Structures are given as structure tokens and as C-alpha cells.
């Protein structure tokens, strides 16, 4: 089952409101923000990590990068690194590489959200492809995913 269908079913069953949109292919979160006419602060990107041998998702604004040192400290782990493309391909076989939605609970992965993203009223994110986007309030995302919110992002210059 494509992850978009799985995601929509998950949200519908929990009566969590969302909307969908599509745009021309966009490979980076900043490109998604431009295609969707949104601020980079409102587009959530998903970064997959390996923390002490356990995979996890870090979700942060498109205009930010993960500060691995800060996140490692905040998570209380000894070893933290980015997942490889091969690892991501195995973890998310129903997604285009780099387009997985920030719903780690659909993959039995913990989700860590950068605290600045939690300040956004609404967020948008890839829904398994480089064309499909889901939009929802952050409050509804929080209810759907129950992420751990920590400061670990560093905003990059535009």
C-alpha cells in the first residue's frame, strides 16, 4: 500500500483533519516550500537517524539543519548519525527516497520534532513522493504522532 494511502487512512480513522496538494517534482524541502508557496518555517522535513543502534526520525523546518551534537545530547544517546540512503530505502520501501512523511509511528520509529516547528500553526510535509504534500495544523500533527519536542535545529541562511 502506498504510504499516502496508509497516511490518509490513519488520519481519517482518527478524524484528524488534513488537506492534500500536488506540485511539480521537488527534491528538497526548500523546493517544496517554493512549490507550495509557503515559508520554509512551515514545511517540515524528515531526517532519519541512527541513535545508539535504533532508527528515529528528526522533523524540523525546511530552512533548518539538524545539529547532531545538540540532538545527541538532548536525546541522551552516545552515538548518533544520519541514516544512509540504503538504510532509508529498506526502512521506507513504500516511499520515494527522501520523501517519507514525518509519521514515524507508521514505521514503529520514535519522532523528535525541533521546538521551532512546534511554534508553527500549520505545517506541510512530503507524503511519500516528491510531488504529494499533506497540510495540517501542528496541533493535529502532534495529536497524530505524539512526538518528542526538543531544540536541535540550526536555521540556515536563505
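Bear in mind these aren't lab numbers, they're just calculated from the coordinates by the rules spelled out. These numbers were taken from a predicted model, which means no experiment stands behind them. When we count neighbours, we look across all protein chains shown, and the Cβ atoms used for this are built from the backbone with ideal geometry, even at glycine.
Here are a few things to note about the model shown:
- Looking across the range 108-144 at every residue that is in a helix (DSSP H, G or I) and within 11 Å of the chain's Cα centre (by Cα), the one that is nearest to residue 67 (Cα to Cα) is identified as 117.
- No other residue among 26, 58 is touching a residue at least 24 places away in the same chain (Cβ under 8 Å), more than 19 Å from residue 137 (Cβ to Cβ) and in contact with a helix residue (DSSP H, G or I) (Cβ under 6 Å, 6 or more places away or on another chain) apart from 26.
- Any hit, the range 135-143, residues being crowded, with 20+ Cβ neighbours inside 10 Å and within 11 Å of residue 59 (Cβ to Cβ): yes
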